[in-house]
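Below: one structure, written as structure tokens.
Every read-out reported here was derived from the displayed coordinates using simple, explicitly stated rules and does not represent laboratory data. Not measured: the values here are computed from a predicted model. Every residue, glycine as well, gets a Cβ built from its backbone with ideal geometry; the counts of neighbours run over all protein chains shown.
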Amino acid sequence: MTKVGLIRCEKNETRCPLTNCFKTMLETTEGFAGYDACTPVGVFTCRCPGNNVADMAKILKSKGAQVIHLCTCTFASKTEEGWDKTKGGFCPDIEKIAADISRASGLPCILGTAHLPKDYSPITFE
């Protein structure tokens, strides 16, 4: 069973309780489709400009995380047609943040949880 840490964006923390992120994790669908089974080990909220992610990643690893996922809203936007990556999401520096997470923790960091944009394959930073 893969132990997963989640990091979300502060800009969405009061609007989204991560219901579908947890649902897709437990069902191993969407951003978690590559796993046989998953269990959450913890959730953190990234605060702009992302200076806190290295410490959060290290803590998630110490709690048993084997991989860290960044929520889809960090890099994609909700539209009437579904989620779209072309205009970006809440974080303009998400790729730098994902690389920082992986570098600090030594764990893979994956962009994507629930609501993946059409034809999107999750990107892994190692």
Nearest 5 is fine: what % of DSSP beta bridges in the chain come out antiparallel, could you say? 30 percent
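Over the chain, calculate the relative contact order: mean separation of alpha carbon pairs under 8 Å at least 6 apart, over the residue count, as a percent. Mind dumping the intermediate values first?
On the way: 255 pairs, mean separation 37.5, N = 126.
Averaging sequence separation for qualifying contacts and normalising by length gives 30 percent for the chain.
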Pair-distance profile P(r), taking every C-alpha pair of the chain, with 10 angstrom steps and integer %: 14, 51, 32, 3
For an R0 of 35 angstrom, estimate the FRET efficiency from the Cβ-Cβ distance between ASP36 and THR14 and round to the nearest 0.05. 0.55
With each label point set 7 Å from Cα along the Cα-Cβ vector, what nm distance links GLU27 and LYS118? 2.0 nm
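What number, rounded to the nearest 500 deg cm²/dmol, is the helix-based mean residue ellipticity at 222 nm of the chain, given -39500 (n - 2.57) per DSSP H run of at least four residues and division by all its residues?
Values: 3 runs with 31 residues, N = 126.
That comes out to -7500 deg cm²/dmol.
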